[in-house]
Amino acid sequence: MKNLYDKHIQVTEEIKKRIGTMKVVLPASYGKLYSHIAQHYALELHPEELLTSEMLDEKMVHHIVTLSNCADNALEAMETQDIAKLQEVIKETQKLKIDMAELTKIIYEDSLTKSYNRKWLEDTFLNNDKLLMRQRGVIAIIDLNKFKIINDNYGHIVGDKVLMHVAKRLQETGGKVVRYGGDEFIVVFDTDENIVDVNTTIELIIDDCENKSFMVEGESFKISFSYGIAEFEVGSEFHLVLNAADKAMYRYKNIKG
């Protein structure tokens, strides 16, 4: 039986097929389609698992309206030199800034591991076509080996805790941690890091994680990883960067056995 994550993947792939011919896909339409297909796969969606499109749309519309009103009020306050009104605009703008930060967190954060998600990676490091890198740096792909066995033997709650632990440890590298797939993470390092230093840092974290024993009802188990690292330049093709890191990871798997 497929686990919860696999079912979400099924739903997402089905949505891709259905929206392929649509010229415009609004968040509300996507959310309704997601819920409809999820029912077909007997997938019950819980509030903490999926931010509803209606919530997201409502927040966005509220912020757009508030921002527009703030701009109008600010212009009027400056024209009339109404200091009291300008102070109110400043307060409203500060509140809006906090709300927008919370919304950004919802959009870009992986809810389980509190690391970044794929959208953040695409919006931050890729150009508008999602094809080329905007800057230079080093990328590392880390794959948790045989994670399905952990889920099958100890349950998804234990599996989730393992992922949370791994994400937290990877954040200690100083790079930007992205949950790229179910048990696959990407760590992006900026231009100040070189590939040799990144390799040493990742190796130390992985070794430490692999030496840790996880206890479940008196039974212990350990985890293992494979990883690959690649450098990228401004204008590098994203899929080629990932392919280079993937190849390095599979070479590591073959060497490690």
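The values are calculated or read from the model by the stated rules, or taken from the named source; none is laboratory data. Since the model is a prediction, treat every value here as computed from it, not as a measurement. Quick reminder, even Gly has a Cβ in these numbers, built from the backbone with ideal geometry, and neighbours come from all protein chains shown. Note: accessible area is taken over every heavy atom of the protein model, side chains too, but ligands, DNA and RNA are not part of it. Shrake-Rupley method; radii C 1.70, N 1.55, O 1.52, S 1.80 Å.
Before moving on, here are some points about what is shown:
- About the centre of its Cα atoms, region 78-205 shows a dipole size close to 260 debye [charges on the beta carbon of Lys, Arg (+1) and Asp, Glu (-1) only; nearest 20 debye].
- Carbon + sulfur, % of accessible area of region 76-209 - ligands and nucleic acids excluded, 1.4 Å: 52
- Note on surface exposure: 158, 177 rank 158, 177 by accessible area, highest first, 1.4 Å probe.
- Per residue, region 106-192 exposes 49 Å² of accessible surface when a 1.4 Å probe is rolled over the protein heavy atoms with every protein chain present.
- The residues 132, 240, 144, 204, sorted by heavy-atom accessible surface at 1.4 Å with ligands and nucleic acids left out, run 204, 240, 132, 144 from largest to smallest.
- Residue 251 contributes an accessible area of around 140 Å² to the protein surface, as traced by a 1.4 Å probe with all chains present.
- Rounded Å value of the spacing that divides the Cα centres of region 194-257 and region 142-181: 12
- Computed with every protein chain present, the accessible area of residue 40 is close to 150 Å² [probe 1.4 Å].
- Computed from the C-alpha gyration tensor, the three semi-axes of the ellipsoid equivalent to region 197-252 are 31, 12, 9 Å, from longest to shortest.
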